[in-house]
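Peer 1: Structure provided below as structure tokens; questions to follow.
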Amino acid sequence: DQLRPLQILRYTDGVKWKFLEHKGPVFAPAYEPIPSHVKFYYDGKHMKLSPEAEEVATFFAKMLDHEYTTKDIFRKNFFKDWRKEMTSEERAKITDLKKCDFTEMSEYFKAQSEARKAMSKEEKQKIKEENERILQQYGFCIMDNHKERIANFRIEPPGLFRGRGDHPKMGMLKRRIRPQDIIINCSKDSKVPEPPPGTKWKEVRHDNKVTWLVSWTENIQGSIKYIMLNPSSRIKGEKDWQKYETARRLKKCVDRIRAQYREDWKSKEMRIRQRAVALYFIDKLALRAGNEKEEGETADTVGCCSLRVEHIKLYPENEGQEYVVEFDFLGKDSIRYYNRVPVEKRVFKNLQLFMENKEPDDDLFDRLNTSILNKHLQELMDGLTAKVFRTYNASITLQQQLKELTTAEENIPAKILSYNRANRAVAILCNHQRAPPKTFEKSMQNLQSKIDAKRDQLADAKRELKSAKADAKVRKDEKSKNKKKAVQRIEEQLMKLEVQATDREENKQIALGTSKLNYLDPRISVAWCKKWGIPVEKIYNKTQREKFAWAIDMAEEDYEF
DNA sequence: CCTGCAACTTAGGAGGTCACGC
DNA sequence: GCGTGACCTCCTAAGTTGCAGG
């Protein structure tokens, strides 16, 4: 039974569906020109812009409060693209971004957003109903006898591109997507979606070897964007299940693979040593594969195979430990990875060797790339790739941590703290970080004062209990019984608050969601809930329960990853 | 082998929503 | 009822992987 996901892929020859029908995408609303009293000034003088130039100007105006509109690259890219949208007269006149005054536009949009917030209940309700109507009309499709939810049926609206980190293309104009940019994918025997009146699709195709419904090419990187199904859909769920089954197969042979790469550290071939050390990092530190990236097209980030000499430092001895490697680099989304880890002597010596006679910006693994590595992994196990190690190590860590941290005596809040701590161990392993919430310090203080107040309350209650007991002398009366109950109740409340404070403090810069959604076999969590009588709702919200419906159905309390 | 493309998964942030305590 | 903050949803960028074609 557990082999089913594999069989689906193997025996159906890449066919993803037999029938697919949908209504096509929802386009971004057309540009609404701003009222004429909202003015744009160039060099102090009012200037009426053409609608095309005005629209792009509003994109900038909406971002005026963001720090990145002060960045040179952002301004340069924006200005270049904006000028392309201007009439030749505008282009002749507007030659310096510094002389552009967008403040009235910016104020106008702020006022609009305030007005939206201040809308009456009825108006808000109306908008909600309209959204619901659109969702019902466009948010679902029929795939093989099932009505399935579509993930992103709205086309991305135009605006200014803001990549993550130090992105060379920040500020560029992301253009509006029109029906003639859209490729529709559906089955031949379905009702083909209608393009908006007076327009045509770029293409309608019937490719049942892919899962997407709609695609278009985006103008910043020239990559293709897709509309696909929601994670709750059959097609995504089966794929997810299969991912965890592959990770479980790795569990069965990971010892052999580890023994192999340790052996390969001694190889006389440089490429094999490099491959073996890289694999060790991927396994031990859950690093990503690290594809090469085109310079100047994206932010300068790396993964394992693309590490450069400048990203690691070697310490023969550090704080009482031998053979310490310090990693410091920007990974996916320009999130910093910083870690100091003791490694085996052989790894350390190999790293010294790889770094010999190299410049800081040279590749650490110059004989290796992700394609070589994945080909090797494929030979070690069917379906094995670099990212399977992340899934495997994340899931096995959760399982181990849950076993270690959960104790039978704990109450439910304490058990959930244990769960969160196990989840946190995984998030730390995978380096899933978040910016500390803007209100973190304040909300922490508020919680602390609640705790203080609760402590005072407890002290009072204890005092009252004592005097009640003294009053009652010999026989235990009703009053002291009640006081005792009050003390217990307050103690419980205090404990709950303290647990909450600990949990929040430990979670300051850690994001749990990513691992929960993408790396942790949900059956581990479901089994844990069953074993300890925790309602699964305490662990997964509604969306998550929909995504993991397959696991909730499947896993019993004795499930082992 | 290398390059580029296509398809799909993984990612953090913004902003909306809703529950909870006062 | 009201304000606050935690949680959730949406958004879309940024990865990984496999494959085709030279």
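The values are calculated or read from the model by the stated rules, or taken from the named source; none is laboratory data. Bear in mind that the values here come from a model prediction, so they are computed numbers and not experimental data. Please note: Cβ atoms are built from the backbone with ideal geometry, for glycine as well, and neighbour counts cover all protein chains shown. Ligands, DNA and RNA are stripped out before the accessible areas are found, and what is left, the full protein with its side chains, is counted by its heavy atoms. Shrake-Rupley method; radii C 1.70, N 1.55, O 1.52, S 1.80 Å.
Peer 1: Could you give the dipole magnitude of chain A about its Cα centre, charging the beta-carbon of Lys and Arg +1 and that of Asp and Glu -1, in debye to the nearest 20?
Peer 2: Charge dipole of chain A: 1540 debye, to the nearest 20.
Peer 1: Please give the calculated 222 nm ellipticity per residue for chain A, where each DSSP H segment of at least 4 residues contributes -39500 (n - 2.57) and the sum is spread over every residue; nearest 500 deg cm²/dmol?
Peer 2: Dividing the helical sum by the residues of chain A leaves -16000 deg cm²/dmol.
Peer 1: If you average the sequence gap of Cα pairs under 8 Å that are 6 or more apart and divide by the length of chain A, what percent do you get for the contact order?
Peer 2: Relative CO of chain A lands at 12 percent.
Peer 1: Then there's this: Considering only protein heavy atoms and a probe of 1.4 Å, how much of the accessible area of segment A:393-554 is carbon and sulfur, as a whole percent?
Peer 2: 51
Peer 1: Which GluC sites (Glu not before Pro) from segment A:313-398 combine a DSSP loop assignment with at most 10 other Cβ atoms within 10 Å?
Peer 2: Of the GluC sites (Glu not before Pro), the ones in loops of segment A:313-398 whose Cβ has at most 10 other Cβ atoms within 10 Å are A:319, A:356.
Peer 1: Rounded, prolate or oblate: which fits segment A:393-554, taking a ≥ b ≥ c as square roots of the Cα gyration tensor eigenvalues, rounded meaning a/c under 1.5, else prolate when a/b beats b/c?
Peer 2: Judged from the Cα gyration tensor, segment A:393-554 comes out prolate (a/c at least 1.5, a/b above b/c).
Peer 1: Continuing with this model, one more query. Carbon and sulfur atoms: what percent of the 1.4 Å accessible area of segment A:197-317 do they account for?
Peer 2: Here it works out to 47 percent.
Peer 1: Sticking with this one: Would you grab the residues whose amide H sits under 5 Å from the one on residue A:292? Only those 5+ places off in sequence or on another chain, please, with H modelled 1.01 Å from N.
Peer 2: A:370
Peer 1: Follow-up. Measure off, as a whole percent, the carbon and sulfur share of the 1.4 Å-probe accessible area of segment A:17-70, all protein chains present.
Peer 2: 55
Peer 1: Can I ask one more? Might you tell me the accessible area per residue for chain A, computed with a 1.4 Å probe and given in Å²?
Peer 2: Heavy-atom SASA per residue in chain A reads 56 Å².
Peer 1: Between residue A:333 and residue A:93, how many nm apart are label points set 7 Å from Cα along the C-beta direction?
Peer 2: So the label points at residue A:333 and residue A:93 sit 4.3 nm apart.
Peer 1: Is there a quick way to get the dipole size of segment A:414-561? I mean about its Cα centre, with the Cβ of Lys and Arg at +1 and of Asp and Glu at -1; what is the value in debye to the nearest 20?
Peer 2: About 820 debye.
Peer 1: Using 0.36 nm per residue, how much length does the chain from residue A:47 to residue A:209 gain when fully extended, once their Cα-Cα distance is taken away?
Peer 2: So the chain would gain 53.0 nm between residue A:47 and residue A:209.
Peer 1: Turning to a different aspect of this structure: Once label points are set 7 Å from the Cα along Cα→Cβ at both residue A:258 and residue A:310, what is their separation, rounded to one decimal in nm?
Peer 2: The modelled label-to-label distance comes out at 3.5 nm.
Peer 1: Is the shape of segment A:383-444 best called rounded, prolate or oblate, per the rule: a/c under 1.5 gives rounded, else a/b larger than b/c gives prolate, else oblate, with a ≥ b ≥ c the square roots of the Cα gyration tensor eigenvalues?
Peer 2: It is oblate, given that a/c is not under 1.5 and a/b is not larger than b/c.
Peer 1: For segment A:98-141, what class follows from the C-alpha gyration tensor (a ≥ b ≥ c being the square roots of its eigenvalues): rounded when a/c is under 1.5, otherwise prolate if a/b is larger than b/c, else oblate?
Peer 2: oblate
Peer 1: Return a single number: how many Lys pairs in segment A:177-283, at a sequence separation of 8 or more or on separate chains, have alpha-carbon atoms below 22 angstrom apart.
Peer 2: Within segment A:177-283, the lysine pair count is 18.
Peer 1: Highest mean first, what order results for A:136-149, A:279-292, A:91-104 on Cβ atoms within 10 Å?
Peer 2: A:279-292, A:136-149, A:91-104
Peer 1: Name the residues whose placed amide hydrogens come within less than 5 Å of the amide hydrogen of residue A:322, ignoring near sequence neighbours (fewer than 5 apart) on the same chain.
Peer 2: Under 5 Å from the amide H of residue A:322: no residue qualifies.
Peer 1: Could you give me the ³J(HN,Hα) list for segment A:195-208, computed from phi with Karplus coefficients 6.51, -1.76, 1.60 and θ = phi - 60°, whole Hz, x at Gly and Pro?
Peer 2: With coefficients 6.51, -1.76 and 1.60, one gets x, x, x, x, 10, 10, 6, 5, 6, 10, 10, 10, 10, 8 Hz.
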